[in-house]
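Each reported figure results from applying straightforward, stated rules to the coordinates on display, with no laboratory input. Since the structure is predicted, the reported quantities are computational estimates derived from the model, not experimental observations. Cβ placement follows ideal geometry from the backbone for every residue including glycine, while neighbour counts extend to all protein chains displayed.
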Amino acid sequence: MKRARVLPYLAVSRKRRIAVIPGDGIGREVIPQAVGVIEATGAPLELTHFGWGAEQYLKDGTTVPEDGFAMLGRDFDAILVGAFGDPRVPSNIHAKQILLGMRFKMDLYANVRPVRLLDSSLCPLKAMQPGDIDFVVIRENTEGVYGDLGGVFKQGTPDEVAIQEDINTRTGVERVIRYAFEYAKNNKKQDGKPRKRVLMCDKSNAMTHAGGLWQRVFKAVSREYPEIETSHMYVDALCVQMVRDPLDFDVIVTNNMFGDIITDLAAGLEGGLGMAASGNIHPGKTSMFEPVHGSAPTMAGKNLANPIGAILTSALMLTHLGLAAEAEKIENAVLKAVHQKKITPDVGGNLGTNECGEWIAKTVGH
């Protein structure tokens, strides 16, 4: 794969310090495979493993140590995370406090989700070829309905009222939109061509107040980037177009909830959630990287989970840290695995989680 141009902010010679948090369920299976692949690149990394997750919570009630988030931001260059969620913790309070805590308390405001088709066999759409689907969704990551603001009145009665607030600040909207334009300006597609378009997605015809803010800020910021073509789509129309003809998408920027929805739809175009990578970014600060899929407790312990999403997430992390050559080794090895069907059953192979990860690591090491 050809690499996008990146702007590393760390000296190449220094070891990067990575916090590794596998979490729950299949996260505890796919993250070790991603770590094995990272180590096979020979990248200058120092890995520290943390047991935060359901097991720790059930043992002593701890979700995150008192100084946990400050420690991550102070002592590490990046965080590699698996997935959180365990039926033994019905409230999933640990998942909320760890994962959303990282996003909100560490101010990781840009959720970056590349969508790339590696092989035509992975796409459910007819006649799609590698290179046809190559776009990125930039999702606002610290506001919207995920702020958990609202309440319930007269709960359990016929007159019950539930209110969920959608929070959008000028600062939050502007910085994620500017991030999207900067991403388009500084990154290229797989074929080496520049990214030239930024599309803003909202539902401003119904959500007039929040949508109005997004519309005004998008127009204002776009004037600073006259070389970038801009467009707008309502989220429902975008979902239809993403299924009918995804070729024209390049960089999409949207709010927290819509970003969550459309990126899962987009993952279906590249082979499913098991193939999807993401990064939770604050430029210049410690950022967190996680595969898109959940903890899938019913699959856990069966050697069935697809590790490629976690492995590509590790490549995304290395790119962010300025280790483009090592990231390219990983992406090329994944591409070989897909072409040679050295992959898990969900994407047309017959290997288990461990065998797939080991094959990719071995390929990287050659």
Karplus-derived 3J(HN,Hα), 6.51/-1.76/1.60, for each residue of region 71-81, Hz, glycine and proline x:
5, 4, x, 7, 9, 10, 8, 7, 10, 10, 10
Pick out which of P291, P22, P158 has the largest mean-square fluctuation in a Gaussian network model of the chain, springs linking Cα atoms closer than 10 Å.
P158
Determine the shape class of region 70-128: with a ≥ b ≥ c the square roots of the Cα gyration tensor eigenvalues, call it rounded for a/c under 1.5, and otherwise prolate if a/b is greater than b/c, oblate otherwise.
oblate
Of N306, N111, N92, which has the largest mean-square fluctuation in a 10 Å C-alpha GNM of the chain?
N92
Full-extension gain in nm, L47 to S91, via 0.36 nm per residue minus C-alpha separation
12.8 nm
Checking the a/c ratio against 1.5 first, then a/b against b/c, what shape does the Cα gyration tensor give for the chain?
rounded
When a/c reaches 1.5 or more, the comparison of a/b and b/c decides; with that in mind, is region 196-302 rounded, prolate or oblate per its Cα gyration tensor?
prolate
Trypsin sites (Lys or Arg not before Pro), restricted to region 166-206: which are DSSP loop and have at most 16 other Cβ atoms within 10 Å?
K196
Taking 20 Å as the cut-off for C-alpha to C-alpha distance, list the pairs among K105/K185; K329/K362; K302/K336 that go past it.
K105/K185; K302/K336
Mind telling me which of V221, V20, V152 comes out most flexible in a GNM of the chain, alpha-carbon contacts under 10 Å?
V152
Interchain or sequence-distant (5+) residues whose placed amide H lies within less than 5 Å of the amide H of F289 are I79, L80, V81, N280
Restricting to DSSP H runs of at least four residues, report the calculated mean residue ellipticity at 222 nm for the chain, -39500 (n - 2.57) per run over all residues, nearest 500 deg cm²/dmol.
-11500 deg cm²/dmol
